[in-house]
Amino acid sequence: MSREDITLEAVIIFADGKIDRELQYPEFEAIIDGFVPIPEFAGRRMEAVYLRVNPSFRITSCVFFLVDFDAKGMIASGWNVPMQSLADNAARGPDLGAGPVALACYSQCPIQWQQRNLWDPVMEPGRNSFVLMKKAIVVNTLGLLFPKQDEEPEASPEADHRELRDALERQYAQTMRTRLAHTLKEQRLRINTLKSRMALKLDALKREHQVRLESYNLRLQQADDAVAAADERIKTLQSELALQTGKVEGLKEYYEHKLAAARESDEPDADLEALELDFADRLEREVESVRAELQQQLDMREMELHYRQQQEASLRDEIEHLQSNYASLLKHGATQVLLPMEKAGISFVVHAPGCGQLSLSVSDVSDYMSDPEAFAASKCGLGLALYKQWLDHYRSPYCTACDEANEECGTGVNRVHNPADFHHGESNRCPEHRHSVAAKVSARPL
């Protein structure tokens, strides 16, 4: 192996768009193995770059990866990014002095399920990640040491000037073609980086819009439920009022008849007083009877509620205990079996609808196994209920609007592939029902 084929590895950590720390690869391995913490990075996700440098202090490979630190400043136990494999399979990037570098980043990832663990370099003037790294490597703050180069024999003074000129012309033409190709590749990389950033911003805006829309739909449903409950309560009160009015009319008619009979008798005052006493006595007995009956019903309901609350508390404690045992068994069992596999370089990859391929760490396996849909929903940035609505639509894309007989429309609709683009009540509606919902909302008084 010639001296020019030798490369040394290094890791540069960025913070706020600037180089924060430079490490030789053995130093970074010591941090990975848990021997050396970095307290300044505790609880943070940092942007880092894995580099390969040749003896001319030119960068030949770059892998822009993300690294998570725990509360103690150690690299998180579930972190596993195969930097060397990514560098070996990376596509070409810009020329940093030694020809096109092997570049792996978010917009140019050779291992698809590792894309979420990568980031895109900053290409803006004054903050260009490549320029910052190139300057840092030339200064050699890392202290990289390469084997000394053997002395070259002196050039012969009898070199042919014509051949030298032709060789220089060919080299110049080749250099210009190479430089043009490198410039085009660098511009393509810049465009892809900007596209990725815009896509991430668009996804964030979509998630924010989805959350707000879900909140508005919930408030609208609550308002509709409140109106329906108020209408039902009004009907009930009207029925009770009609019943009580009938009773009052009956009593009024009865006592008017009694009063008329008393007036026709010889002792009207005594009969009237007796009727009043009888009415007061009956009214008191009726009120006492109704009160006692209602009190008995209330006591029974309170007793039933007390027993039900005790049963619910007991069942809830039992469920929590079983879930805790299940999670503990799943976590420890998975750790014992999967941790040696992860250390051997094996990646755990799953396919989740709406997320594509996901790379799981050992600590993520138990969460995924306990509830795959909730895990996928969290990765999509959605609530579980909304993710399930999208999943039902994705599996069976048809109109779910119901008619007066509570039968679904069933008309086929276009499938929404991205969960962030799904809107319940719109994406799963045919044009006819979508128009009717829009008309209903527009007709609602403000």
**OP:** Return one number: the angle in degrees, 0 to 90 and rounded to the nearest 10, between the long axis of the Cα atoms of helix 268-343 and the longest principal axis of the Cα atoms of the chain.
**Re:** 20 degrees
**OP:** Given the options T411, T175, T60, state which has the largest fluctuation in a GNM of the chain using a 10 Å cut-off (strictly under) for Cα springs.
**Re:** T175
Original post:
When DSSP assigns beta bridges and you keep just the ones with both residues in the chain, what percent turn out antiparallel, to the nearest 5?
Top reply: 90 percent
**OP:** For each of Y25, Y387, count neighbouring Cβ atoms within 10 Å of the residue's Cβ, then give the residues from fewest to most.
**Re:** Y25, Y387
Original post:
Gaussian network model of the chain, Cα springs within a sub-10 Å range: biggest mean-square fluctuation belongs to which of C402, C380, C430?
Top reply: C402
Subject >> Note, ³J(HN,Hα) from phi for the range 54-65, Karplus 6.51, -1.76, 1.60, rounded to Hz, x at Gly and Pro >> reply: 8, x, 7, 6, 10, 7, 10, 9, 9, 10, 8, 10
Original post:
Given +1 on the Cβ of Lys and Arg, -1 on the Cβ of Asp and Glu, and no further charges, what dipole in debye does the chain carry about its Cα centre, rounded to the nearest 20?
Top reply: 3540 debye
Original post:
Gap in Å between the Cα centre of the range 15-49 and the Cα centre of the range 115-148?
Top reply: 15 Å
**OP:** Quick one: angle between helix 161-264 and the longest Cα principal axis of the chain, in degrees between 0 and 90, rounded to 10, please.
**Re:** 10 degrees
**OP:** Starting from the amide H of R21, placed 1.01 Å from N in the peptide plane, find each other amide H under 5 Å away whose residue is 5 or more places distant or on another chain.
**Re:** I13
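Viscosity 1.306 mPa s, temperature 10 °C: Stokes-Einstein D of the range 45-101 from its Kirkwood Cα radius, in µm² per second?
125 µm²/s
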**OP:** Specify the inter-centroid distance of the range 172-242 and the range 385-403, based on alpha-carbon positions, in whole Å.
**Re:** 18 Å
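Would you compute, from DSSP H runs of 4+ residues alone, the mean residue ellipticity of the chain at 222 nm, taking -39500 (n - 2.57) per run and dividing by the full residue count, rounded to the nearest 500?
Estimated from H runs of four or more residues: -20000 deg cm²/dmol.
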Subject >> Ranked list, fewest to most other Cβ atoms within 10 Å of each Cβ, for V122, V290 >> reply: V290, V122
**OP:** Neighbouring Cβ atoms within 10 Å as the yardstick, rank W390, W113 fewest first.
**Re:** W113, W390
Original post:
In the Gaussian network model of the chain, springs joining C-alpha atoms below 10 Å, which of E22, E302, E318 carries the largest mean-square fluctuation?
Top reply: E302
**OP:** Search the structure for amide H atoms under 5 Å from the amide H of M74, placed 1.01 Å from N in the peptide plane, and list their residues when 5 or more places away or on another chain.
**Re:** I38
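Values in this text are rule-based calculations from the coordinates and carry no lab data. Nothing here was measured: the structure is a model prediction, and the numbers come from that model. All Cβ positions, glycine included, derive from the backbone under ideal geometry; neighbour counts span all protein chains shown.
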